Amino acid sequence: MEEVKNNSGQNLGIAALITAILTFVLAVIPCVGLIAIIPGIIAIVLASVGLSQASRDDAPHGVPLAGLIIGIVAIMISFSQIFVAGRIAHRADKWPEKIQNIVNDVQDNVVKGIEDANISIKVESNGDTVKIVTTADKKNKEQTLEDLEKGNSSAHDTLKVKK
Amino acid sequence: MTLLKLRNRNPQVKLKNEPYLVINIVFAGVILLIMAYSGIFSPEKGNYPVVCIHEKITGEPCVSCGLSHSFSLIIRGRIDEAYQWNRYAMRVFLFFAGQFLLRIIFSLLYTRHPETRKQLIMFDIIGSSLIFLIAFMPFIAAIIKGL
């Protein structure tokens, strides 16, 4: 007597298993992980229908069950990508503030560096030489300004006035 | 007469009754499609239709960004450049290339040695799962880290 194999739900099970495997591969790649939700749902639906057909006709459950399990795991991984993206987006909200703080720090350092800088300018033309030696030091500048107001000439002034 | 005896007498395999072979053929087909996608789209033009959704949402590149570019470069033999686009691309590419060969080899073994089918499928599941974990570990780690 020949044994008759009941294939009820097997075709759907195979379709579900294939879709589930593809969903799984897609789900673990962050770039396209979110897309995997769509084939994941299709895989679960196919597997569920296949499983119900197999149960009704007393056919083997293996393939549709495997499709259902892989599909559920894949869709869970895919859903987790939403949380990952959400978490990164949440962190990204604080980044403009951090960037602003970094810019402010850099600006402060540059201004401080300029304030302490010594400047020396030398101009030569037709044998005449003009040399300006100064500093960007804020306190020194204030002192120079006060001296100028009082009429005192600068000690460092190298410019010779022609008489 | 049991089904196994019947099968041994008539070794012609019906594809419809062999989910394992169907899965192998489909998976190999999908890998070929991935290779074709990487070959058709050029890394110079950067005309890839699939964009990173993750980057679109968060504005930040994710761990798998540049994968398509890298695959295209690997197919063209420009391995150094491929590493610059995505440093994990090579292991993922090797996974797919390896799986393509394994699907062919396992399908041939499955049809030629029916007595070892159960062992073969078990070996395939364990082996492929391990290779998958090794190849996709950086991506899995990124997902876990982000949770």
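Table for the structure above
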item	result
Loop-resident sites, the range A:1-104, for trypsin sites (Lys or Arg not before Pro), counting at most 16 other Cβ within 10 Å (DSSP)	A:5
Span per principal axis, largest first, for the Cα atoms of chain B (Å)	64, 35, 26
For chain B, cysteines whose Cβ has no other cysteine Cβ within reach (under 4.7 Å)	B:62, B:65
Coil-residue GluC sites (Glu not before Pro) of the range B:25-120, DSSP, other Cβ within 10 Å capped at 13	B:44
Subset of A:98/B:145; B:56/B:145; B:118/B:145; A:98/B:56 violating a 30 Å alpha-carbon distance limit	B:118/B:145
Gap separating the Cα centres of the range A:1-69 and the range B:101-147, nearest whole Å	18 Å
Where trypsin sites (Lys or Arg not before Pro) in DSSP loops with at most 16 other Cβ within 10 Å are excluded, longest remaining stretch of chain B	B:88-147
Per-residue ³J(HN,Hα) for the range B:84-94, Karplus 6.51 cos²θ - 1.76 cosθ + 1.60, θ = phi - 60°, Hz, x for Gly and Pro	5, 6, 8, 6, 9, 4, 4, 5, 5, 4, 5
Volume per residue that the Cα convex hull of the protein assembly as shown spans, once the total is divided by residue count, Å³	196 Å³
Virtual spin-label span in nm between residue B:131 and residue A:110, 7 Å along Cα→Cβ	5.5 nm
Amide proton proximity set for residue A:132, modelled H, under 5 Å, gap of 5+	A:121, A:122, A:123
Per-residue HN-Hα couplings for the range B:27-39 [Karplus 6.51, -1.76, 1.60; θ = phi - 60°; Hz; x = Gly/Pro]	4, 4, x, 4, 5, 4, 4, 4, 5, 5, 4, 5, x
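Quick note: the coordinates plus some simple rules give every number you see, no bench work behind them. On a predicted model such as this, the values are computed, not experimentally measured, just so you know. Note that each Cβ is placed from the backbone with ideal geometry, even for glycine, and that neighbours are counted across all protein chains shown.
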